[in-house]
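Reviewing the structure listed below.
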Amino acid sequence: DEFARQVTVNLSGVQRLLHAVLPGMVQRQRGDVVFVGSDVVQHPRPSMVSYVSSKAGLDGLALALMLELEGTGVRASVVAPGPTTTNMGDGWDVERLGPLLEQWTRFGLMRHHGYLAPDDVATAVVVAATARRGMHLRYIEVVPESPAAEP
């Protein structure tokens, strides 16, 4: 059920939205489609198989669409954020979260405990969509900066 839910939200929902808005963009020969992917495609995390799979599918959709849109005046970009403070893990209990973070640290997926703010992701989306015409920001990976070292 979780796998189907992730695919529905992160892939099928996106395809339905594209089906509704993309023809008008192509007809106007202008527009930007910015997909919010995830760094889990490049750096998969254990215990997130459904999320990783759905975001990998989204990357595939976006990359194929970039080719299909070539020369139409419509750009497609992917913003792939790293760990971000969202409500995604809010319902996780300590028994699940503790071992999960230990695994991520062991596999080098948690170098520090820095997180992006949702505004950081929004900023990257705006940068992709407002890049001057004639340039195309195809893939933007956004990662949290390591917290400053204490003196």
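Each value in this text was obtained by applying a stated rule to the coordinates, not by laboratory testing. Because the structure is a prediction, the values reported are computed rather than measured. Cβ sites come from the backbone with ideal geometry, for glycine too, and all protein chains shown count toward neighbours.
By how many degrees, 0 to 90 and rounded to 10, does the Cα axis of helix 13-28 deviate from the longest principal axis of the chain?
30
Evaluate E = 1/(1 + (r/R0)^6) for Arg106 and His136, where r is the Cβ-Cβ distance and R0 equals 30 Å; express this FRET efficiency to the nearest 0.05.
0.20
So what is the orientation-averaged projected area of the chain, using the convex hull of its C-alpha atoms, in nm²?
If I average the Cα hull's projected area over directions, I get 10.9 nm².
Need the full-extension length gain, Glu95 to Val143, defined as separation in residues times 0.36 nm minus the C-alpha distance. One decimal, nm.
Here the answer is 14.6 nm.
Helix-derived [θ] at 222 nm for the chain: sum -39500 (n - 2.57) over DSSP H runs of at least 4, divide by residue count, nearest 500?
-14500 deg cm²/dmol
If you keep only loop residues by DSSP, which trypsin sites (Lys or Arg not before Pro) in the stretch 20-62 have at most 16 other Cβ atoms within 10 Å of their Cβ?
Those satisfying the criteria are Arg30.
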